Amino acid sequence: MRLTAISAALALVAGVASAETVAPADVVFGEYGEVAQSLSGQPGDAERGRDVFATKSKGNCVSCHAVAQLADVPFHGEVGPELSWTGDSRTIEEVRGIVANAKMTFEGSVMPAFYKTSGFIRPGDAYTGKAPKGELAPLLSAQDIEDVVAFLMTLKES
Ligand code: HEC
């Protein structure tokens with residue numbers, strides 16, 4: 001009896017948690033590519049987001065964007081604009097939309113869509129016929145994106 005009550009409570013918690021995460025296919029973009037709703041249902045952690053931004057195996061955003069506030073991180077790229085003032089010049093909704101899928105804001109952008117799992121040409125199909133089946137994982141998780149967005153919103157001139 002008690003066990004049943006506990007597992008029912010756990011199922012409820014799990015259900016709530018997964019309902020809050022927006023799946024890549026369900027992201028709602030506004031007219032200018034902005035995204036109003038948190039993808040994870042949780043606030044972002046700017047400290048973790050700094051890591052996502054600077055780490056090669058995560059967002060590796062620094063390979064294309066310079067950020068003055070990351071003076072300890074070597075080799076900032078110049079493919080994209082410097083982001084040292086993003087917190088002054090962009091809203092959180094705009095930044096979330098750009099990171100989720102930059103092509104919704106900048107048509108034909110070379111910036112990768114970090115929260116997208118469909119509409120790609122399957123790597124490997126033409127050569128081996130062994131392309132992965134089913135959905136590919138997005139480049140970043142919903143929480144990684146919220147974290148990197150929170151980090152970008154801290155980047156201000158003063
Ligand atoms: C392959 C290079 C590349 C990578 C990697 C990349 N970006 Fe970009 N990004 C661009 C380019 C280029 C633009 C300019 C928009 C355009 O014209 O395509 C841009 C634009 C932006 C902008 C808008 C700047 C503004 O205010 O106009 C933000 C914010 C941004 N990127 C964040 C990120 C974050 C966060 C990551 C990592 C998760 C990232 N970018 C990874 C190339 C890149």
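Find all pairs meeting these conditions: Cβ atoms under 6 angstrom apart; at least six residues apart or on different chains; first residue within region 19-34 and small (G, A, S); second residue not in a loop (DSSP other than H, G, I, E, B).
The qualifying pairs are G33/G97; G33/M104.
Do we have any residue at all in region 37-46 that's farther than 25 Å from A25 by Cβ and either in a helix (DSSP H, G or I) or near the ligand (Cβ under 10 Å from one of its atoms) (or both)?
Yes, region 37-46 contains at least one residue that is farther than 25 Å from A25 by Cβ and either in a helix (DSSP H, G or I) or near the ligand (Cβ under 10 Å from one of its atoms) (or both).
Condition check ((1) away from the ligand (no atom under 11 Å from the Cβ); (2) under 10 Å from L152 (Cα atoms); (3) at pLDDT below 95; (4) touching a Leu at 6+ places or on another chain (Cβ under 8 Å)) across all residues:
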site	(1), (2), (3), (4)
K56	no, no, yes, no
H65	no, no, no, yes
L70	yes, no, no, no
F75	yes, no, yes, no
V79	no, no, no, no
E82	no, no, no, no
W85	no, yes, no, yes
E93	yes, no, no, no
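Which of the residues that make up region 123-137 are at pLDDT 70 or above and either over 17 Å from V52 (Cα atoms) or surrounded by 19 or more Cβ atoms within 10 Å (Cβ to Cβ) (or both)?
Selection gives L136 alone.
For region 48-70, indicate whether the set of residues that are within 16 Å of the chain's Cα centre (by Cα), among the aliphatic types (A, V, I, L, M) and part of a loop (DSSP other than H, G, I, E, B) is non-empty.
no
Given (1) at pLDDT below 95; (2) in contact with a Phe, Trp or Tyr (Cβ under 7 Å, 6 or more places away or on another chain), where does F120 come up short, assuming only one miss?
So the condition that F120 fails would be (2).
The values are calculated or read from the model by the stated rules, or taken from the named source; none is laboratory data. No experiment lies behind these values; they were computed from the predicted model shown. Don't worry about glycine lacking a Cβ; one is built from the backbone with ideal geometry, like all the others, and counts go over all protein chains shown.
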